[in-house]
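Note sheet for the following structure.
The values are calculated or read from the model by the stated rules, or taken from the named source; none is laboratory data. Keep in mind it's a predicted model, so treat the numbers as computed, not measured. A quick note on method: Cβ atoms are made from the backbone with ideal geometry, for glycine too, and the neighbour counts reach across all protein chains shown.
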Amino acid sequence: MSTTTSGATRTTRGVEAARASRSAFATGARVTRRGTTTVGRPRGDGGRRRSRRAGVARALFTGLVQGKARVRSFENLNDEFARLTLGFPAKTLDGILIGASVAVNGTCLTVVELGDDGESASFDLIVETLRATNLGKLEVGSEVNYERSARVGDEIGGHTVSGHVHCTADVVEVVDSEHNRKVVFEVSDTTLIKYVLPKGFISIDGCSLTVGEVDKNTGRFNVWLIPETLRVTVLGDKTVGDTVNVEIESQTQVIVDTIERYMVERGL
């Protein structure tokens, strides 16, 4: 009898721990070995909240931009390190923790400070981020797309986005019609154009979009933007000469690379 009771107790504890783990994963808290969740202990830090920390988890985004944030400050130190502070719409940062991930123009960044007003967050940009993305061109007052990382159970309405920018692209043409807009981009790294396929997914400044036409010779492709996309995202303000961040759809990249490797191995 005691053995059965002990086994049931262990099973119950295991279920409770699993539930706590799933709940913590969704909220960004840490999980102890006993299944309880913890957050950092508050401490004074000169008006900034640094104490709350998110657990370590791989960030995932959906490509559905949640809105636009505005640059409050941008401290660039010799183009090798920068501190970016953004102001967000009210309630956007509710429940967010230090260490949480936010996609800013499609670039996965880590929250390092939270403002006391509950509507601002700061991020550190290292040299590779400044080199590989358009974030180094931001100025006070600039607007950016943002998306908080997805949680378990969230709808994936766009496509899976990692927040790892592959390259930038320049806007080379904008054509408006009555209800939509055609935008033509030219990628900075033409070796990546093989992963851009008509009707395929692509992330532009963190926005999940469907590719229109592709010209592999020039490294150009276009997308069509509906009024809602123009209203909610910074893409509505892009003009010829502006730069955007591009993330290739990961499954497309894997398929193309696998086929190429298969053909090479068999001398095709």
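Considering 92, 85, the condition of being at pLDDT 80 or above and assigned to a loop (DSSP other than H, G, I, E, B) is satisfied by 92 alone. So for the stretch 113-128 (the condition being assigned to a strand (DSSP E or B) and exposed (fewer than 14 other Cβ atoms within 10 Å of the Cβ)), does at least one residue qualify? Yes, that holds for at least one residue. As a summary of the residue check, residue 201 satisfies the conditions (1) closer than 19 Å to residue 104 by Cβ; (2) buried (at least 21 other Cβ atoms within 10 Å of the Cβ) except for the one numbered (1). Answer with yes or no whether residue 140 is β-branched (Val, Ile, Thr), touching a Lys or Arg at 6+ places or on another chain (Cβ under 9 Å) and either surrounded by 16 or more Cβ atoms within 10 Å (Cβ to Cβ) or part of a strand (DSSP E or B) (or both). For residue 140, the condition - β-branched (Val, Ile, Thr), touching a Lys or Arg at 6+ places or on another chain (Cβ under 9 Å) and either surrounded by 16 or more Cβ atoms within 10 Å (Cβ to Cβ) or part of a strand (DSSP E or B) (or both) - is not met. Is there a residue being of a type outside the set (A, V, I, L, M, F, W, C), touching a helix residue (DSSP H, G or I) at 6+ places or on another chain (Cβ under 8 Å) and at pLDDT 95 or above anywhere in the stretch 159-177? Among the residues of the stretch 159-177, at least one is of a type outside the set (A, V, I, L, M, F, W, C), touching a helix residue (DSSP H, G or I) at 6+ places or on another chain (Cβ under 8 Å) and at pLDDT 95 or above, which makes the answer yes.
Of all residues in the stretch 104-125, those that are touching a residue at least 40 places away in the same chain (Cβ under 8 Å) and closer than 19 Å to residue 142 by Cβ have Cβ atoms under 6 Å from Cβ atoms of residues that are among the acidic types (Asp, Glu) and crowded, with 23+ Cβ neighbours inside 10 Å, 6 or more apart or on another chain, in 105/205; 106/205; 106/247. For the stretch 204-217, which residues satisfy the criterion of being closer than 15 Å to residue 183 by Cα and either buried (at least 18 other Cβ atoms within 10 Å of the Cβ) or more than 18 Å from the chain's Cα centre (by Cα) (or both)? Within the stretch 204-217, 204, 205, 207, 208, 209, 211, 212, 213, 214, 215 qualify. Close contacts from the stretch 61-74, counting a first residue that is farther than 14 Å from residue 87 by Cβ and a second that is surrounded by fewer than 17 Cβ atoms within 10 Å (Cβ to Cβ) and at pLDDT 95 or above, with Cβ to Cβ under 7 Å and a gap of 6+ residues or different chains, come to 65/232.
Kindly establish whether residue 218 is of a type in the set (Ser, Thr, Tyr), out of contact with any Cys (no Cβ under 8 Å at 6 or more places or on another chain) and at negative phi. When the stated conditions are applied, residue 218 passes them.
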